[in-house]
Every structure is written in C-alpha cells, then in structure tokens.
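Let me begin by presenting the structure, written as structure tokens, before commenting on it.
The values are calculated or read from the model by the stated rules, or taken from the named source; none is laboratory data. In this text, all values refer to a predicted model and were calculated from it rather than measured experimentally. Cβ atoms come from the backbone with ideal geometry, glycine included; neighbour counts cover every protein chain shown.
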Amino acid sequence: MAHDEIVDHHSALARNALSGQRITRLRAGETVLDLGSGGGIDVSLSAREVGPHGAVFGMDASPALVALAQRNAEQAGVHNVQFLHGTIEAIPLPGHTVDVVVSNCVISLSGDKAAVPAEAFRVLRPGGRFWVRDVVTVRVPDERARRRTEQRVGCAAGSLTVQEYRDLLVAAGFVAVTITLTADHGDGVHSAVVQAVKPAIGPGLEIRPMREGDAAEVLAIYQAGLDTGQASFETTAPDWEGFTASRLPHLRYVATDSDSGEVLGWVAASAVSSRPVYAGVVEHSIYVHPGCQAHGIGRTLLAAFIAASEDAGVWTIQSGVFPENAASLALHQGLGFRVVGTRERIGCHRGLWRDVLMIERRSTLTGA
C-alpha cells in the first residue's frame, strides 16, 4: 500500500472499532469542523447534510492525507468543503468560526489533551456543539491491559478515563457534557460518544470560565452592583484573594465581549456547608455590568451556570434576594427558581431593616 492508503486504512480500523454509526444531527447551513479528517469520508457525508449553504472543514496533521481528502472530494463532486493542514492542539481557524466540531478516535491520540477541548471551544460559535466518538476507560488500566486493547482497537494508547475527559471539557468551558459508553473492548476500555455544548449567548458575546486575569473587571462589576443598594447587605467588594477564597474553584463564569474581551457580567458559587450531605447544594451570586442589564446577558449567564452546576452534580442552587429587586427576582423565576420563604427584618442595611426572599432551584436531573 501507499503511505496515504496505510494511514487511511488505520483510520478505517478506528471507525470500525467505534461502530462508525454517525452521531451528528447536522442542520442545513451549518459550518462543521472534522478534527483528524483522514481521507475525508466523514467530511463528504457532513457536506451533504449541511447542504449548499453550509460548509465543512476537514483538518489533518498529515499533508498527504489532506491532499488525498481533497482528491476524494473532487471525485465525489463535493464542493462545500475545505481541507486544512494542522494539529488539533492548534486549530488553524479564527475563533467563532464553526457550529459543530466532530472527530472520530483522534483526541485520545493527542499529546496535549487539555489543549484540544480548549481549541474546540475557541473555534465554536456560542451555542455550538462538540460531538465526537473516542475511546475512554472506566478506570486507569495497567500498561499490559492498555497494550492488549491497543492491538484490538488501534487508538486506545492514550485514552482518558471518563472523569478525566469530562473534567477537560468542563475546564474548557463546555456545559451539558454527556459521555455515553458504547462498545466494550475489554480491560475497562470502551468506545464512547462524547457530547458537550458551548454556552449560548447573543451575537458578539461569549460565556467562558472565569480567570484570574478577570479579577479587576469582575470586582468592578461587583462594586457597581453593591452601589445600587439592592444587590446585597455588603457595601464593599472584597479584594481578589477574599473573593476567590469564599467561592468554589469551579462554577465561575464570565460573559465577555468577543472582540475586546471586556467582562460584562459574572456568576459564581459558594458551598453552603462542608457536611457531605450538602455537597450538591450551593449558593450563587450573579452580577451584570450596569450598562448591559437590558441585553439578556444575565439570563444566558445564569442558564449556563445552571447547566454547569448540573454537570457538577449540584441538585440545589439557592440565594437571597431583596423583595425590592424585582428584576433579579424575575430573572430567577424565569429560569425555574421559586421563593421558598421570607426572612423578615433579617439585617440592617444602610439604616433600614430589610427582608430577604429565600429562593432556590431544584434540579430535575441531579438528585431527582
């Protein structure tokens, strides 16, 4: 066989091991990226699904396979495709370019697996989907078991555990993460369908995990909210050290301007108790820049937080709202929160004794 044929033959073996049934439900007009597209078979199938108003990028690290895929597409008469030479750890596309990222038994082969979901998140538009087939393990296999499975499957050498895969997707910013085991290859190794979503938000905006570099903007928005007198009993935002120490290291998100990177809102969670029985109960805070409160940012940010909290096993989100803060109450009730009680005259704020409405949202997925 020629080199192209050998590599593509290996890709075919991987597809067979992963029960090559297509998992994507592509829509007309969508833009799709296939990571590790090999000879371009899946690219051509996707191109037909998205139709003439859609487009599909196929990307592979092998120049020979890129050329082979291009020839195959031309012979098949498929024109709404483009093949790129590049690595899955550094995708040669600008941000917010595609609606769906797909791949078949490729990510498990990466030497920098954290970079792959981060790059997929970058190139996806808000609301975009990550839909791949890969090989995962239900436990960390010993080296002998890994070698046995590699001989049978062909792409199991660097496979992640289910939890490791989930953690990388969440760290990149994805929500609604599901990993469905399919074929059992023995020794704790399975084929799997891995699905996740980039949080949806309006044009020109993005929701992503909060970073240390966001500190100044996050605290400025926090202070602006406190200055209204309707957000909290607190009157002064803490320093970053105090802010981060009082909140969980995960379940922190910001809404940003896609072009400037400016933070326009944030949401974060705190544990309500160290007792194991309350492990799935958190208290949250959400603040939006005062100049952006009519743009729907709060709603999409809170929706993303809810999805991420359910991924993290949270079954109850709770908080307190002043009765006078009608906008916050409406926002939360619109996303499934309910008022469970009123703490009357619970604290003195700026010389006034104030009531607090206790609100909570119970998950219909976790702990149901």
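Being assigned by TED's automatic domain parsing to the domain that holds TRP266, exposed (fewer than 15 other Cβ atoms within 10 Å of the Cβ) and within 23 Å of HIS250 (Cα to Cα): is that true of GLY313 here?
Numbers: assigned by TED's automatic domain parsing to the domain that holds TRP266: yes; exposed (fewer than 15 other Cβ atoms within 10 Å of the Cβ): yes; within 23 Å of HIS250 (Cα to Cα): yes.
Yes: the conditions hold for GLY313.
Do the conditions hold for GLU241, that is, is it of a type in the set (D, E, K, R), over 22 Å from the mean Cα position of the chain (by Cα), outside any loop (DSSP other than H, G, I, E, B) and farther than 18 Å from VAL175 by Cβ?
Details: of a type in the set (D, E, K, R): yes; over 22 Å from the mean Cα position of the chain (by Cα): yes; outside any loop (DSSP other than H, G, I, E, B): yes; farther than 18 Å from VAL175 by Cβ: yes.
Taking the combined requirement at face value, the residue satisfies it.
Go through region 121-138 and report how many residues are buried (at least 19 other Cβ atoms within 10 Å of the Cβ), more than 16 Å from GLU30 (Cα to Cα) and of a type in the set (A, V, I, L, M).
So the count comes out to 3.
Scan region 249-263 residue by residue and report those that are without any contact (Cβ under 8 Å) to a residue 40 or more places away in the chain and under 19 Å from VAL175 (Cβ atoms).
Matches in region 249-263: PRO249 only.
Select the strands (runs of 3 or more DSSP E) contained entirely in region 244-347, then report the ones holding at least 3 residues which are at pLDDT 95 or above and of a type in the set (Val, Ile, Thr). Spell out how you get there, then give the answer.
Details: elements: 252-257, 263-271, 281-288, 316-321.
Qualifying strands (runs of 3 or more DSSP E): 281-288, 316-321.
What are the pairs, 6+ residues apart or on separate chains, where a residue within region 163-182 that is more than 20 Å from ARG122 (Cα to Cα) has its Cβ under 7 Å from a residue that is charged (D, E, K, R) and surrounded by 19 or more Cβ atoms within 10 Å (Cβ to Cβ)?
Note: pairs meeting the criteria are ILE179/ARG166.
State the number of residues belonging to region 288-302 that are buried (at least 23 other Cβ atoms within 10 Å of the Cβ) and touching a residue at least 40 places away in the same chain (Cβ under 8 Å).
Looking only at that region, the number is 2.
Can you go through VAL218, VAL194, VAL189 and tell me which one is buried (at least 20 other Cβ atoms within 10 Å of the Cβ), closer than 19 Å to LYS113 by Cα and either at pLDDT 95 or above or touching a Phe, Trp or Tyr at 6+ places or on another chain (Cβ under 6 Å) (or both)?
Being buried (at least 20 other Cβ atoms within 10 Å of the Cβ), closer than 19 Å to LYS113 by Cα and either at pLDDT 95 or above or touching a Phe, Trp or Tyr at 6+ places or on another chain (Cβ under 6 Å) (or both) holds for just one of VAL218, VAL194, VAL189, which is VAL194.
Just one of GLN70, GLN82 is within 16 Å of VAL98 (Cβ to Cβ), modelled with pLDDT of 95 or more and surrounded by fewer than 21 Cβ atoms within 10 Å (Cβ to Cβ); which is it? Before you say what the answer is, go through the steps one by one.
On the way: GLN70 fails: within 16 Å of VAL98 (Cβ to Cβ).
So the residue among GLN70, GLN82 that is within 16 Å of VAL98 (Cβ to Cβ), modelled with pLDDT of 95 or more and surrounded by fewer than 21 Cβ atoms within 10 Å (Cβ to Cβ) is GLN82.
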